Structures are given as structure tokens and as C-alpha cells.
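Asker: My questions will all concern the structure given below.
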Amino acid sequence: MTETAQSVTAEIPAFSELGLHASVLAAVESLGYETPSPIQAETIPALVEGRDVIGLAQTGTGKTAAFALPVLSHLAESGRALDGPFALVLTPTRELALQVAEAFTAYATNLDDFSVLPIYGGQSYGPQLAGLKRGAQVVVGTPGRIIDHLKKGSLKLSSLEHLVLDEADEMLKMGFAEDIEEIFKQTGDSRQVALFSATMPSSIHRITGKYLNNPKEVRVASKSQTGSNIRQRFFMVQHSHKLDALTRILEVEQYDGIIMFVRTKQATEELAEKLRARGFKASAINGDIPQQARERTVEMLREGKIDILVATDVAARGLDVERISLVVNFDIPHDTESYVHRIGRTGRAGRSGEAILFITPREQRLLGSIERATKQKVEQLVMPSVEELTNTRVEKFTKRIDDVLASTELTELATIIEQYELSRNVPATDIAAALASIVLDGNSLQAEPMPVPGKGRERDGGRDSGPAGRDGARRERTPRSREGMVTYRLAVGRNERIQPGSIVGAIANEGGITSKQIGHIDIRSNHTLVDLPQDLDPSVLRKLQYTEIQGRPIDIRPDNGRPGSSSGRTFTKKRNFDKQPGAGKSFRGDRRSGGNKRFSEDRFGSDRPRDRY
Ligand code: AMP
């Protein structure tokens, strides 16, 4: 039995009102989380009370903290000695297992002797057996390997108090249904269950109906709509390159006042400081800054003393400054409703406004939710070229000269230059160029290309301070893609006898793009990596979601560097379609995590409930 799903639209409470243990609250505070995300606000109190919960949520909504904080709170209260783990979290992939384990560690900083153990396929049993022997309060693992340990007797679930299923729909798609049922059967009736899933297919309903006890079902919904006077654009970028991308965009964008949103209080200060260092007039506001000081900062924006306000959602609540012509979502918000509130800070008093959203490849799926919530298309922002940037800089510099010539009395300075010209026999243009160089103070008018991901430079620029250095982008690995390209992963590979020609044919024909737009192709045993342009229209991906090659859905998605097979054949289209040395090494991931068991039934939002992430 399931209680009717609740839409999260009510006023957000404070973390301190959710019933969490003081030690957990202190950790959340030190991470700079200002308020619970909507999914946290609804699920945490129910979990703290001991209820089973079903949360409809995906990456980016704050779902990890939604289940981790109540588990840790309970652990802090009970503080008992353990005969086996206190909590078990099941995840579909080892990457997610590691991230969840990291989050637990960050949230448990104030708990004595806390230990969390990630367990996944592909890793040798030795360290896992040793870890289990030492005893961990929380085990996070992929179902296949957890079952292996249960069979070996190295893991016992008799004293388990919490069972969490993270990304349950993904686990079922990967063929873990039987393993999950077996795990449920090995836990006592009194364990509390939290199940998180992006979608609710019937296979999940079957499991929740069978194993959950009167669960509370929560989903994040949004009712709001934006005015059509706001143009929305997005730019896809790795987290570590957001600051570079932002400064480039700001150089060419026309704007008056700007508000920029980040996730944490610390990130407001950090980003404002980095922008100031790059010559922008920016200040931060967040919930820690006293109301009066916040008002003074807003007043400075209103009066044009600063141009950029970097804020958290809480600090910007109700903000009404006519001058704001651009809203930048530096970090994507946790839910569509926050997005709608944020961009509503521009386009006031009947004016038009602009909204720019930075999105990491992993967050791409959230775009569809935003488009539905705002009933408007979010266009792809085209990054200004090096030439455009240089031209803009030259134009702005020229204008400064024009302005000074038009408004300032220069006779006295002109005499000095004249004397210099005569005494040194140097042409006036050379003297002017030397003076321009002094004015520019080491800055060049000639723009440089964006740094290639992975080549160092400000690896954590503007990063929010999520648990243990995690961020919205979830520790994406440095992409292998070439500049201007993004790597996508297709769930077909050498096992399906895929040829580069069939990849090019399928993507070009079904996606409606030219073969020239398709870059490097890397065929692995059970998947293929393909480079496509960074500015690819999202509609192309939507068109490709049901595409099949050799009767297999290709399940195209941005490659987030998930560990997979260690080598494969790589091709540079049109030049080298031959077999490369090193092909044929075997896949070393979790034993069930091969791409060919997956289906693309809900890619890019087709099967998702409306208006939520
Ligand atoms: P998740 O949906 O669990 O993948 O979380 C997405 C990101 O949001 C992670 O970087 C978290 O550190 C961050 N996060 C989670 N809860 C909050 C919160 N209440 N306030 C700010 N950031 C949060």
C-alpha cells in the first residue's frame, strides 16, 4: 500500500526542523548547505520517524543526503555495537557506490569511529573481505557483489536496520531484480527501506508492494511558469571550466545587472571573489550574512555600484531589482520550481530578461524537466569564438579612447607626448601603443582558446563545496573528447559486431546531422564512445534515443567516464577504420553492469513524470 504521492511545493523548512541529530546537523552546516532541497524536506522527517519512503528523484536533487542523513542520525542516536552493518545501500554502478560512500563520510565527520565500505564487482575480494571483517556501519555496493558476499558468508544482514535502494530503476534495467529480492529476503522485517528512483515502472511497484511497509511516496513537482519575456539558454560545460566559460560569455553579453546562483554559502563568496579578481564588480549574499548587510549589497546592485550579485536561493528570495537583466544559474538548482523562481529575478516591470544555465554533461537530462516547467525552449548558447572575443575587446578598448578624447582636456599631456616624440624620434603610434600596454596592465586584447579539459588550470574554479569535494557534476572524469566535442556513450560495441560505418550511418541518418559533425569513434567490447559537437542541438539526442543498430537500442548518453572496458578499437572517422593494436581486452566492471542488458525506455525524459527532475 502506498500513500498518495506528495508534490513538494510547500514552504521549505530549516534543516534544524527535520528531526536530525545535532552531530549530523553540524556536518550539514559546515558543508554550507543552507536549506534542505525539496526532496530532503519531505523524505528526511518521514525517515527519521522510521517510515519506509519511496522518493522519485534523480541525480542533482540532493537525494543522497535525503537518505544518508537520517541513517547517520539514527546511528548517532543508537550508537550500538554491531554484528554486521547497520545500513546497506544498493547502487547500480561502482561509480555511484563510491560517490555515495564519499557522501556518507562527509556527512559523518562528527560521528566517532564511523566507517563506510564500498563493495563492487571488478575489485578483488581481498580488501572487501578485510573491510567486512573489520566491520563497517554502512556498506554501499552493487547488488551482484553483495550477493556474492552473502553467499560466502562474509556479509550478514541480520542486524541491518536500514536498506536503501539508490537509482532502483537503473538496477532493475541492469537485470538485478532477482538479486535485490534475495537481499530483501535476507533482511529482517523490522528494517526500514528507502527506495529512490528516477522513474516508477511497474517492476518497481511490484517490489515496493511486496517489501515496503506503508511507504510515503514523495516527488518533486513544480506548478510555476515563467513569463515568455525571458530568453533561456544553456551551456554544457565540465564543472571545472565553468568560470572560464562564464567570463568569456560575460565579455560579449550585453547586460545591466546580473544575479548568479550557486548551491552553497561558501560558493557565493568563492565565486564573487574569483569574479572580482577577474575585474568584475561582484558581491556575495547568503543566509549567513545579516539581513542589514544583505540589504546594503542589494542596494549597491540597484545603484550600479556593483554589477553582479552571487547568491543562494534563500538569500535571493523575493529580490526585486529592475536592473537585473541576466540570471546565471552557475549551479543547476535542485528542482524546477527553484529554477523558475531564480529566473523570475529578471524580466521585472515588463522588461525582457535573459537566463543562462550551466549544465554538466551528467545533468543534461534535467533540461527536459526545465523546458516542461517553463513551457519554453531552452536554447543552446554558442560560446563566442576567439575572434569574436578579440573583436569585442578591441571595440571596448577603442570606445574607452573615444570617450576620453571626447570628454577630457588633454592639451598638457599632448605636449609631453610631443616632446617625447621629438626628443626620442619615436613615432606617435609607437608611443600610443606603449601607453596602451601600460593601461592594459599585462592583459591582452587577443583572446585565447578555452583551455582543453584535463590540461590543468583552475581545476576547482568556482566549485561548490559538496561532500568531500563532490559537486553537481559528480566527479566526472576528464573527458577524452577533443576540443569543442563531447563524448557520448552508445550501449553497443564489438560484442554486437559494430562497425564504424554503421555508427556514422545511424547517427547521421536518424539524428539528422552530417557525417562531418561526427568525430572520433572508439569501439569497445560492450559500448562505443563517439565524439559529437559540444553545441549539438538536444533535439538530435532526442531523435536518437530509440535508434537501434543491429537490433540493439544504442541508448546514447553523455559519457561520464564510467569505468568500462579497458581498451578497444579506436577510429578517426574516414581515416582509419582498421583494427588497432590492443583490441580485445576484457571488461572489468561489475559482473552485471555490461551495457547490453540495458534498454533505453526512459532516456531523455520520455517515461518520467512531468515537471520534476
Ligand atoms: P545528489 O542529488 O545527491 O547527487 O546531490 C547533488 C549535489 O547537491 C551534491 O553535490 C550535493 O553535495 C549537493 N547538495 C545536496 N543537498 C544540498 C543542499 N541541501 N544544499 C546545497 N547543496 C546540496
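The values are calculated or read from the model by the stated rules, or taken from the named source; none is laboratory data. This one's a predicted model, so the numbers in the text were calculated from it and none came from an experiment. Cβ sites come from the backbone with ideal geometry, for glycine too, and all protein chains shown count toward neighbours. Each accessible area value is taken on the protein alone, full model and side chains, heavy atoms only, with ligands, DNA and RNA left out. Shrake-Rupley method; radii C 1.70, N 1.55, O 1.52, S 1.80 Å.
Asker: Multiply the residue gap between Ser352 and Ala434 by 0.36 nm, knock off their C-alpha separation, and tell me the result in nm, one decimal place.
Answerer: Working it through step by step, the gained length comes to 25.3 nm.
Asker: At a 1.4 Å probe radius, carbon and sulfur cover how many percent of the accessible area of segment 25-133? Can you show the working numbers first?
Answerer: Details: 1710 of 3350 Å².
The computed percentage sits at 51.
Asker: For segment 147-163, what does the Karplus curve 6.51 cos²θ - 1.76 cosθ + 1.60, with θ = phi - 60°, yield as ³J(HN,Hα) per residue in whole Hz, taken in order and with x for Gly and Pro?
Answerer: Coupling constants for segment 147-163: 4, 4, 5, 5, 5, 6, x, 7, 10, 10, 10, 5, 9, 5, 10, 10, 10 Hz.
Asker: Once you put a point 7 Å from the Cα of Asp403 and another 7 Å from the Cα of Arg233, both along the Cβ direction, what distance in nm separates them?
Answerer: Going by the 7 Å Cα→Cβ label model, 2.3 nm.
Asker: Can you tell which of Ala66, Ile12, Pro85 lies farthest toward the positive end of the dipole of segment 3-222, using +1 and -1 charges on the Cβ of basic and acidic side chains (Lys, Arg; Asp, Glu)?
Answerer: Ranked along the dipole, the leading option is Pro85.
Asker: Next question. Ranked highest first by the average count of other Cβ atoms within 10 Å around their residues, in what order do 282-290, 382-390 fall?
Answerer: Working: 282-290: 20.6, 382-390: 14.8.
In decreasing order of mean packing, 282-290, 382-390 become 282-290, 382-390.
Asker: Can you compute the FRET efficiency between Gln550 and Ser202 using 1/(1 + (r/R0)^6), with r the Cβ-Cβ distance and R0 = 35 Å? Round to the nearest 0.05.
Answerer: Efficiency, rounded to the nearest 0.05: 0.80.
Asker: Given Lys156/Lys185; Lys242/Lys543; Lys242/Lys274; Lys274/Lys305; Lys133/Lys156, which pairs have Cα atoms separated by over 20 Å?
Answerer: Lys242/Lys543
Asker: Mind checking the full-extension length gain between Arg497 and Ala26? Use 0.36 nm per residue of separation minus the Cα-Cα distance, one decimal, nm.
Answerer: Full extension of this stretch gives 164.2 nm more.
Asker: Can you tell me the FRET efficiency between Glu388 and Arg134 if r is taken as the Cβ-Cβ distance and R0 is 45 Å, rounded to the nearest 0.05?
Answerer: 0.20
Asker: Next question. Could you calculate the contour length gain from Arg276 to Tyr420, that is, 0.36 nm times the residue separation minus the distance between their Cα atoms, to one decimal place in nm?
Answerer: 48.2 nm
Asker: Moving on. Ordering Tyr488, Tyr125 from largest to smallest accessible area (1.4 angstrom probe), what's the sequence?
Answerer: Putting Tyr488, Tyr125 in descending order of accessible area: Tyr125, Tyr488.
Asker: While we're on this one: May I ask you to order 357-370, 511-524 by the average number of other C-beta atoms within 10 Å around their residues, highest value first? The partial results should precede the final answer.
Answerer: On the way: 357-370: 22.9, 511-524: 17.8.
Put in order of decreasing packing, that is 357-370, 511-524.
Asker: Which order, highest average first, do 152-158, 427-433 follow once you tally other Cβ atoms within 10 Å for each residue and take the mean per peptide?
Answerer: 152-158, 427-433
Asker: Turning to a different aspect of this structure: Over segment 230-380, what percent of the accessible surface lies on carbon and sulfur atoms, probe 1.4 Å?
Answerer: Working: 2320 of 5160 Å².
So the carbon and sulfur contribution to the accessible surface is 45 percent.
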